[in-house]
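Worksheet for the structure shown next.
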Amino acid sequence: MHQEREPAVVVDGLRKTYGEKVAVDEISLNVYEGEIFGILGPNGAGKSTTVESIAGLRVGDRGRIRVHGIDPWTDRAALTEVLGVQLQEAKLQQKITVQEALELWSAFYPDPEPWAPLAERLGLGAHLRQRFENLSGGQQQRLSIALALIGRPRVVVLDELTTGLDPRARREVWDLVRDVRDRGVTVLLVTHSMEEAQLLCDRIAIVDAGRIRALDTPAGLIDAASAATITTFETSVAIDLASLRDLDGVTAARSENGTVTVEGAEGVALAVVEVLRTQGVAPQRLRVAAGSLDAAYLDLTETDTDVRQEALR
Ligand code: ADP
Ligand code: MG
């Protein structure tokens, strides 16, 4: 359905090295207008390098990027009219107040969105005189989203915007991101949180070690992961595991201490129960669990365990 539309963002063969280090290794992707597109991966995967190249803040060694037809590496001035950016490491001056920051940013654009209603919409209306250093983490993030939106961008880049926020603040920011998209802004969202990617994104690129490992909808990624559905049950009689493995869509079947586990495509649980019935086996404690993006992610990223644990938190 996307094919007829010209993508909002085109990344074609992006490569970026820092000395010997290959940070981004031939990344290509299209982001379509109106999408929330996620770039998901562990720390060091090359996510920020990719989006900062899209935002014209880094220039690739190779490749081609277009944002609504604009080359971000040669035409930063035109780019700022279509792209807003909230950067991972962006820190405002500690003493600046919310209102001062909003006014300062407004001055950068020929036709800024009026900052007062924007601040109100982002829940900052009561904090206009507060200094940046005295805002909570969630308020700081909401301010950085406001600043990214003030130039009426068609595309907004949000890099790890909920990292470090408490669960309530994260949920508020997620609602905001959906609200931004509902207003017609294309969102390019960088995250190392699978939960966030699964909840917010229309499509996700899973990136690891500078390469895209998979690119699909959240449901598509889960289906493609080895354990899309996990069926377990207990039984006191011996089961013919081969008859389960032979079923269409089953990828694995094993038995351990009287508990049988069958992994496979969605819907295999019904076939498993049917086979057991023909064998005269009554399964006990039957459980069917849908696969998750976690399984897909772990399947597709091969970074060392520490980084993985970090990403899983
Ligand atoms: P992510 O955002 O996925 O955590 P980054 O794009 O920030 O990843 O970094 C990708 C890799 O490039 C990492 O190994 C990082 O250490 C390295 N890197 C990033 N920026 C620089 C830089 N300015 N100089 C040298 N190495 C860098
Ligand atoms: Mg980063």
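The values are calculated or read from the model by the stated rules, or taken from the named source; none is laboratory data. Nothing here was measured: the structure is a model prediction, and the numbers come from that model. Using ideal geometry, Cβ is built from the backbone for each residue, glycine included, and neighbour counts are taken over all protein chains shown.
Structure summary
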{"item": "Per-region count, region 242-278, residues modelled with pLDDT under 90 and in a loop (DSSP other than H, G, I, E, B)", "result": "7"}
{"item": "Test result for E33, closer than 18 Å to R154 by Cβ and either touching a Ser or Thr at 6+ places or on another chain (Cβ under 9 Å) or modelled with pLDDT of 95 or more (or both)", "result": "yes"}
{"item": "Total residues in region 20-78, condition within 9 Å of ligand 1 (Cβ to nearest atom), among the polar types (S, T, N, Q) and assigned to a loop (DSSP other than H, G, I, E, B)", "result": "1"}
{"item": "Unmet requirement for T259, which otherwise passes all of (1) farther than 23 Å from L161 by Cβ; (2) within 29 Å of the chain's Cα centre (by Cα)", "result": "(2)"}
{"item": "Pairs with Cβ under 6 Å, 6+ apart, first in region 42-70 and farther than 19 Å from Q86 by Cβ, second assigned to a strand (DSSP E or B) and small (G, A, S)", "result": "G63/G13"}
{"item": "K91, sole failed condition from (1) over 25 Å from R5 (Cβ atoms); (2) under 28 Å from the mean Cα position of the chain (by Cα); (3) assigned to a helix (DSSP H, G or I); (4) free of Cβ contacts under 8 Å to residues at least 24 places away in the same chain", "result": "(3)"}
{"item": "Lone qualifier among I65, I36, I70 - being more than 16 Å from ligand 2 (Cβ to nearest atom), crowded, with 16+ Cβ neighbours inside 10 Å and farther than 24 Å from T191 by Cβ", "result": "I70"}
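One line per residue, one yes/no per condition, for (1) buried (at least 17 other Cβ atoms within 10 Å of the Cβ); (2) within 16 Å of ligand 2 (Cβ to nearest atom); (3) under 24 Å from the mean Cα position of the chain (by Cα):
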position	(1), (2), (3)
D111	no, no, no
A119	yes, no, no
L122	yes, no, yes
A126	no, no, no
F132	yes, no, no
G138	yes, no, yes
Q141	yes, yes, yes
L149	yes, no, yes
V155	yes, no, yes
